[in-house]
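The structure under discussion appears below in the form of structure tokens.
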Amino acid sequence: MATSEAMLAIEGLAATVDEKPVLKGIDLSVPAGEVHAIMGPNGSGKSTLGYVLSGREGYDVTGGSVSFRGQDLLAMEPEDRAAAGLFLAFQYPVELPGVGNANFLRQALNAVRRKRGEAELDAMQFLKLVRAKMKVLGMSEEMLKRFVNVGFSGGEKKRNEILQMAVLEPAFCVLDETDSGLDIDALKIVADGVNALRGPERGMLVITHYQRLLAYIVPDRVHVLLGGRIVRSGGPELALELEEKGYGELQQAA
Amino acid sequence: MASSSRRREMTTAVIDAAVQPAALVHPAVAAALARHEALAKRLPGHRHGWIREMREDAAAAFARAGFPTRRNEEWHYTDPRALVDTRFGEPIVAADGAVTLPGGMPDAGAPKLMFVDGRFRPDLSELAALPDGVRVESLAALLEAGDEALSLRLGSLADRSSFVALNAMLAEDGVVITCTAAPDAGARVHLVSIATASGDRPLAFHQRHVVSVAEGASLALFESAHAAGATPYFNNTVAEITLGARARMTHVRLQAEALGAFQVSTVFAHLAAGAEYDSFVLAAGARLARNEVHARLEGTGAIVHLNGAQLGDGVRHVDTTTVITHAAPACASRQTFKSVLSGRSRAVFQGKIHVHQVAQKTDGYQMNQALLLSPESEIDAKPQLEIYADDVKCSHGATVGELDANQLFYLRSRGIPAPEARAMLIEAFLADALEAVRDERLRAALADATALWWARAHAEAGA
């Protein structure tokens, strides 16, 4: 249930993609300082939830509301959601040929800082900040010179997402299938990066198909999304149970 | 001699042209021919019979062809009427004196060869700095000396196409570059064309360049064209490039002509076995710009890269037309052209790949991408594959569209406001296009020109 102190409060959220209902009334609230996991089989609406929260075109909200830090999230443009502190780590990070990674990160950071009324960082200040963050994520500085995600391996793309998150320091992170396409070493590095961002002021929603990621990013709550609705919620042990039994039983019940 | 019989044929053609009723000659064609008549005696090398004949052949070819109209298949998408209807005069003042150089000329880190209104200016050029193995001569001087060896190198002077013939009958000067420098010498030259574009009389100039890179040699040629004023003019340049076996040439061109100028450039490149020609053209200026490249792969394993970017704004028209002829086996051709168009500008890309029957194992690729920034901008794209060999790999593709919605959303989801995100993606499209230029210094020079264009296009979008 949504509570007034929740950082992210979703109530009765319904959305369509190409006029097809995908989310059919989602209730979910994540308080500051907590990490919630959304689990579910393919086609259950997990990624749609991430896109609806971040304001992607083509995802039409047909009902319900989302309050983020007391603001009406759904009324905001994508860039304003980012400035307000929401961050979506993409399942498939987008390649930007011709856009240098360093330039991209700095433009994003300064855009967010401007909106928040903070001073922009100059090139030197920015470089100092980003170098420190990259070191934590085990990324080579050479990646700053490359075009955003172009020619990056799957693991490099995901690390680049977490780097953006670390640089922008959002209040709330939505991680969409961040584990997909990662080998176990890359998974650990990415999870360490995410865990480093956990804190009492920050909320997270971790969307994943598998329990694997949740062994490294241990959630406070786990919700199962099925057919566009949350059908079950529980503690971290629910992830293990699903890993063992699969979604079949729940699908039959639903 | 084989060439004398050719001359005889052409002489007959002159007579044919002369008996045509005068009323059928388009006034613009008549005016150009009259200019040829009036100027002929003053053109370099006039006292040599073979040079006079060459020019007369060209005049006959031009009289036959006339100026193209949209009824010519090659000119269907580019209407040259505005160019044809402007009465140009050739420069008549002496080719010396002080010149106001335009600002923002790029530094290519190479000795400059300066042309002003189509005439070579050794006094402004950096001839002393030319690298070893690169010989530079003025075409006018060679013609004046009646250098017979030149007749072989001016192979297509009497070409049937209108603007090449126009160039051949009126060309006053050009540069003849002969390169024997080994690849590790890193020989580079910067050819600069300045249009004074001053006064009230529109000028036309017809530069004729001849470039030969000897067997195994390597040359980087940077060309840039600028204007010091804003009076309309017509730059009609023809370049003939010959690459010997395993020769390499990088040819990067910046077309930054005045916005009211007309520009037609025709390049013929002939590649022997194992030769490599790597060309990039950035079309950033001129009211009407046509860039034609004809590359012939004549020896086994030759490789040609034709890349470029066309930038449109206002009512400007930019045209890239390429013809690649695979006339030998196992050659490769790669083309990527990108256009970014704002306002009511138009671009044309016509790319023909002709594969002869002997050219087995040909590898041809052609890609044309356009970004339309306004609903009134337009691109016409015409890929043409003509293949007579059966064991070839040839492909072409084209994308025309607006900015990628996914990319735009990605940037906005990171807090970058939509207008800034759009600007970033347009600049990125341009940066990506320039990636084909491997030389960092030249790439930076081109990037400056794209930034100037972007400032214009951006202001236009905001207005």
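Here, each number is a calculation from the coordinates, and none is a lab measurement. Please read these numbers as outputs of a predicted model, since none were measured by experiment. Here the Cβ positions follow ideal geometry from the backbone for every residue, glycine too, while neighbour counts run over all protein chains shown.
Listing for the model above:
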read-out: For B:Ser198, A:Ser47, order by how many other beta-carbon atoms lie within 10 Å, fewest first; value: B:Ser198, A:Ser47
read-out: Of all DSSP beta bridges in the protein assembly as shown, antiparallel share, percent nearest 5; value: 20 percent
read-out: Euclidean distance between Cα centres, the stretch B:201-257 to the stretch B:409-463, Å; value: 26 Å
read-out: Relative contact order %, the stretch A:18-91, counting alpha carbon pairs below 8 Å whose residues are six or more apart; value: 26 percent
read-out: Mean Cα-pair separation over length for chain A, i.e. relative contact order, pairs under 8 Å, 6 or more apart, %; value: 27 percent
read-out: Within the protein assembly as shown: Cβ-based charge dipole about Cα centre, in debye rounded to nearest 20 (Lys, Arg +1; Asp, Glu -1); value: 820 debye
read-out: Overall form of chain B per C-alpha gyration tensor (a/c, 1.5; a/b vs b/c); value: rounded
read-out: For B:Ser193, B:Ser161, order by how many other beta-carbon atoms lie within 10 Å, fewest first; value: B:Ser161, B:Ser193
read-out: Principal-axis tilt of helix B:49-65 within chain B, Cα atoms, nearest 10 degrees; value: 50 degrees
read-out: Chain A: antiparallel DSSP beta bridges as a percent of all, rounded to 5; value: 60 percent
read-out: Violating pairs (Cα-Cα greater than 18 angstrom) within the set B:Lys352/B:Lys393; A:Lys24/A:Lys158; A:Lys135/A:Lys188; value: A:Lys24/A:Lys158
read-out: For the stretch B:109-129 and the stretch A:192-253, distance of Cα centres in Å; value: 71 Å
read-out: Helix B:2-19 vs. chain B, principal-axis angle (Cα, 0 to 90°, nearest 10); value: 90 degrees
read-out: Charge dipole of chain B about the Cα centre (unit charges at C-beta), most positive-ward option of B:Gly186, B:Ser218, B:Leu371; value: B:Leu371
read-out: Whole-percent pair-distance distribution, where bins are 5 Å wide, for the alpha carbons of chain A; value: 1, 6, 13, 18, 20, 17, 13, 8, 3, 1, 0, 0
read-out: Mean Kyte hydropathy of -1.0 or more with a Cα span along the axis of at least 15 Å, helices from DSSP in chain A; value: A:101-115, A:123-136, A:154-168, A:184-197
read-out: Computed E for A:Thr62/B:Ala444 - FRET, C-beta separation, R0 51 angstrom, nearest 0.05; value: 0.50
read-out: For the stretch A:95-192: rounded, prolate or oblate by the Cα gyration tensor [a/c cutoff 1.5]; value: prolate
read-out: Value of [θ]222 nm, deg cm²/dmol, for chain B, DSSP H segments ≥ 4, -39500 (n - 2.57) each, nearest 500; value: -8000 deg cm²/dmol
read-out: Footprinting exposure proxy for B:Cys179, B:Cys394 (fewest neighbouring C-beta atoms within 10 Å first); value: B:Cys394, B:Cys179
read-out: Volume per residue that the Cα convex hull of the protein assembly as shown spans, once the total is divided by residue count, Å³; value: 194 Å³
read-out: Beta bridges by DSSP in the stretch B:2-402, antiparallel share as percent, to the nearest 5; value: 5 percent
read-out: Relative contact order of chain B, pairs being alpha-carbon contacts under 8 Å that are 6 or more residues apart, as %; value: 10 percent
read-out: Cα centroid separation, the stretch A:86-143 to the stretch B:275-325 (Å); value: 37 Å
read-out: Cα gyration tensor category, rounded, prolate or oblate, for the stretch B:112-230 with a/c compared to 1.5; value: oblate
